[in-house]
Amino acid sequence: MRALLILLLLLAAPASAAVVGGLTIDAAQVTIVLDAPIAAPKAFALAAPRRLVIDLPGVSSTRVSVAGDGIITRARIGQFDSATARLVLDLAQPMAVASASQGGDHHVILRLKPIGAGRFDADVARGRAPLTGFAAAPDFDLPATAFAPVPPQAPAGRKPLVVIDAGHGGKDVGAISILGGRFEKDATLAIARAAARALRASGLVRVKLTRDDDRFIPLAGRVAIARTAQADLFVSVHADSAPNADARGASVYTLSATASDAVAARLAARENKSDIIAGVDLGREAPEVGDILIDLEQRNTMNVAANFADTLQAALARRIGFRGEFHHFAGFLVLKAADIPSVLLETGYVTNADDAKLLFSEAGQRRIGDGIARAVEAHLARVARTPAPAIGKGE
């Protein structure tokens, strides 16, 4: 039996978060020492090298790495975003989480089991999903919204509003497709229009497009449109590109001061240059967007956006393939409206033949647009059911 326990020095932990007090590895079992119960973690698998990643909601942790000498060769935990701690397990062979539970002492216990390479590859392709059968502490009845951020609510008497942003436009053509030089800007506009049609047909929410034709709008202008309209949700639609023609699949991005991976960092850097490509000085256009502080209000909207990303994943799962893990984080300027939950959806790769056929076909655009619409409706309906927080109660 090998047990490694490292006590963590915890600095500036959010008052509402469960705090990590230690981490142990014992063969195929990992124990995370916590001081409070948490909601069900989410997990996904990564290949080359093989890893299991477990996201712990409502948890605060400093960064620590623990070496192992068996099936789990190393465990690393740290703060991933303002509302999530991330545990990464390096694996000597393909493994999956067999069970996940939380005991009366609030410690989370993960037991792993060996699986075949094919099953592991399927887990990689599936992306992030909740750990099934997660049992909370028996002496604590964890409500479903225990760590859910309180989203902004539409004023009484009006339907909520989503602003859908068709990426690029006009002289900013975006990525160039493998299919006869077609442009990203055309696919994003068609998908945004399809989503708007589906939303207007059901009539459950209001919808506004940042552009409904082929025009250039600076990044700051897109944010301003959403803020002026007092949007309850902002969805920016894009398509990706890569030198490797085999790269394919959709992904969604929400705002973070630190990118979740190298691909996310490169993509954000490229998209954030759209204004420069189109001849607009971003610093002169809107310096507050180029250099914005992530304050408490923005942290709240970031968390709501992350919840919407999960809803979007569920709605698109049967409509479009995903690029490994679906949800990523990066510092996109177009997502920096402090008071509006915002996501950037990369619908696929225009440089991949299969993805491009989907993105530039009317049927594919309609399928993706319908998935976006269903996710928007589900999310905003949930927002409408969330009670407004009591202000100043008990003071």
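Only the coordinates and a few stated rules stand behind these numbers; no lab work does. Fair warning: this is a prediction, and the values are worked out from it, not measured in the lab. With ideal geometry, Cβ positions are generated from the backbone for all residues, glycine too; neighbour counts draw on all protein chains shown.
See the values below:
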read-out: Pairwise centroid distance, computed over Cα atoms, of the range 311-327 with the range 335-373, Å; value: 11 Å
read-out: Inter-site label distance for Ala363 and Lys113 at 7 Å from Cα along Cβ, in nm; value: 3.9 nm
read-out: Fewest-first ranking of Arg158, Arg248, Arg222, Arg215, using other Cβ atoms within 10 Å as the exposure measure; value: Arg158, Arg215, Arg248, Arg222
read-out: Long-range HN-HN contacts of Phe183 with modeled amide H, under 5 Å; value: Ser177
read-out: Built amide H within the under 5 Å cut-off of Ala239, gap 5+; value: Thr347
read-out: Ranking of Lys185, Lys159 by count of other Cβ atoms within 10 Å, fewest first; value: Lys159, Lys185
read-out: Residues Phe134, Phe332, sorted so that the one with the fewest Cβ neighbours within 10 Å comes first; value: Phe134, Phe332
